[in-house]
Amino acid sequence: MGNLVAIVGRPNVGKSTLFNRLTQTRQAIVNEQEGTTRDRQYGKVEWCGNEFSIVDTGGWVVNSDDVFEEEIRKQVLLALEEADVILFLVDVNSGVTDLDDDVASILRRSKKPVVLVANKVDSGLLQYDAFDFYSLGLGEPYCVSAMSGSGTGDLLDLVVSKFPEKNSVDDTEEDIPKFAVVGRPNAGKSSIINAFIGEDRNIVTDIAGTTRDSIYTRYDKFGFDFYLVDTAGIRKKNKVNEDLEYYSVIRSIRSIENSDVCILMLDATRGVESQDLNIFSLIQRNQKGLVVVVNKWDIAEERSEKGMNVFIDAIRTRFAPFTDFPIIFASALTKQRIFKVLESAKEVYLNRKRRIPTSKLNEELLPLIESCPPPSNKGKYIKVKYVTQLPDTRIPSFVFFANLPQYVKEPYKRFLENKMREKWNFSGNPINLFFRQK
């Protein structure tokens with residue numbers, strides 16, 4: 001099961017800086033002005049063999065007239081509900097504030113593991129000021145400096161130790177593919193799942209899952225055998241005012257991390273929207289297989305072949321540079337082409353497992369590289385001597401042994417990837433190309 005960590009706290013305590021530090025990116029905008037973070041940020045963190053997702057939320061504000069701050073407060077509450085571990089960030093320079101007390105009172109009632117993090121401890125003397133945060137009733141404050149990175153290693157050790165034990169995935173058979181249906185709200189995810197399962201429910205077995213985990217449903221008819229990964233839990237009536245986009249992405253994180261192939265649902269009546277791109281980026285970041293399904297094609301305005309080609313061009317343009325994935329125009333309501341969706345998902349899964357013999361790789365690629373070698377760098381010529389595929393990798397991964405691997409740039413790697421996709425079918429899957437010293 002993929003784990004999720006949420007960073008919460010009042011405005012301007014350094015949540016975005018800590019997010020950038022832990023993900024080793026500059027994804028989140030950092031500014032001294034309060035309320036800078038309004039859009040949600042999602043990233044991946046790797047630490048000592050553990051990989052988890054992390055969410056940067058906006059600052060907690062109450063009794064404000066700002067409509068954005070009211071929405072931020074809802075998102076923080078949702079993060080508390082969905083996350084496995086919560087990082088409560090406070091500012092050692094400001095001490096305990098009323099807003100800190102408000103957040104702490106909510107966290108004390110929560111049953112989730114909470115780590116109290118005192119940020120901006122840039123010197124040893126400031127560690128003594130962190131003792132004031134014991135008054136929040138959340139245990140010992142862990143002193144870090146998100147700006148310099150001081151203390152973040154110990155913090156990650158603690159976070160990893162608080163993750164729940166994995167159990168839902170262990171109950172499933174590892175050699176059976178897992179397909180996740182993901183997409184923004186009202187794209188037709190539930191409808192297509194119902195269309196897949198049908199009325200004959202004696203073939204369906206719920207393997208495992210809680211209200212926060214992914215549920216595996218075994219599907220084994222019409223020659224298929226796979227697990228359908230769906231997020232559990234029908235939302236209560238009092239939850240309908242939640243930020244649906246934020247909710248859909250947090251749920252998608254769960255489904256995506258527990259799958260081999262993601263079936264991304266798009267709405268034919270609305271086109272490709274920013275939320276679709278957010279979920280697509282999550283699929284790419286997690287290196288999962290992809291099948292794009294344009295749902296509600298039966299009620300789309302332009303149902304002609306020309307309209308279909310325009311839609312395909314728009315999807316590939318928005319999802320570029322990764323464009324090698326199947327696109328299916330379907331209708332979950334009329335069950336139009338839903339069988340094709342399953343066939344494509346199975347094919348993408350098999351492409352994910354594809355192995356190319358080393359002799360075949362060298363026979364096809366070395367003459368190509370010799371005729372179109374990497375550009376010289378500072379008068380030095382790069383010669384690729386040997387190619388092989390790495391065993392036991394999540395996605396197809398290849399190593400090119402060369403005399404000067406450091407001079408091979410990204411455009412040439414994309415050139416090689418495109419040529420490899422022309423020769424072998426890796427449709428729906430990202431592939432990794434590594435250059436190493438021979």
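The values are calculated or read from the model by the stated rules, or taken from the named source; none is laboratory data. Predicted model, so just to flag it, every value in this text is computed and none were measured. In this analysis, Cβ positions are derived from the backbone assuming ideal geometry, glycine residues included, and neighbour counts consider all displayed protein chains. Note: accessible area is taken over every heavy atom of the protein model, side chains too, but ligands, DNA and RNA are not part of it. Shrake-Rupley method; radii C 1.70, N 1.55, O 1.52, S 1.80 Å.
Subtracting the Cα-Cα distance from 0.36 nm times the residue separation, let me have the gained length for Leu368 to Arg414 in nm, one decimal.
Between Leu368 and Arg414, full extension yields 15.2 nm more.
Which pairs in the list Lys44/Lys288; Lys288/Lys346; Lys296/Lys353 are over 21 Å apart, alpha-carbon to alpha-carbon? Working shown, then result.
Working: Lys44/Lys288 14 Å; Lys288/Lys346 13 Å; Lys296/Lys353 31 Å.
Result: Lys296/Lys353 exceed 21 Å.
What does the net charge come to around Pro405 if you take all other residues with beta carbon closer than 9 Å to its beta carbon, with K and R at +1 and D and E at -1?
My count for the surroundings of Pro405 gives +2.
Modelling each spin label as a point 7 Å along the Cα-to-Cβ direction, I'd like the Trp424/Asn403 distance in nm, to one decimal.
So the label points at Trp424 and Asn403 sit 2.7 nm apart.
Amide H of Cys143 versus every other amide H placed in the peptide plane: which residues, excluding those fewer than 5 positions away on the same chain, fall under 5 Å?
So Cys143 has HN proximity to Ala118.
Let me understand the range 259-298 better: what is its radius of gyration from the alpha carbons, and its Dmax, in angstrom?
Values for the range 259-298 (Cα only, Rg and Dmax): 10.5, 32 Å.
Quick one: with all protein chains in place, what share of the accessible area of the range 252-291 is carbon or sulfur, to the nearest percent (1.4 Å probe)?
Carbon with sulfur: 38 percent of the solvent-accessible area.
Restricting things to Cα coordinates, could you compute the convex hull volume per residue of the range 106-196 in Å³?
195
Place a label point 7 angstrom from the Cα of Arg303 along the Cα-to-Cβ direction, then list the residues of the range 329-343 whose backbone nitrogen is under 14 Å away.
From the range 329-343, the list is 329-337.
On the first, second and third principal axes, largest extent first, how far apart are the outermost C-alpha atoms of the range 272-330 in Å?
Result for the range 272-330: principal-axis Cα extents of 34, 19, 18 Å.
Using a 7 Å offset from the Cα along the Cα-to-Cβ direction at both Thr25 and Phe163, what is the distance between the two label points in nm, to one decimal?
Here the answer is 1.8 nm between the modelled labels.
Report the label-to-label distance for Thr97 and Lys378 in nanometres (one decimal), using points 7 Å from each Cα along the Cα→Cβ vector.
Rounded to a tenth, the inter-label distance reads 4.8 nm.
If you plug each phi of the range 95-110 into the Karplus form 6.51 cos²θ - 1.76 cosθ + 1.60 with θ = phi - 60°, what whole-Hz ³J(HN,Hα) values come out, in order, with x for Gly and Pro?
x, 7, 10, 4, 5, 4, 4, 4, 5, 4, 5, 6, 5, 5, 7, 6
Just to confirm a number: summing +1 for Lys and Arg and -1 for Asp and Glu over residues other than Ala332 whose beta-carbon lies under 9 angstrom from that of Ala332, what do you get?
Result for the neighbourhood of Ala332: +3.
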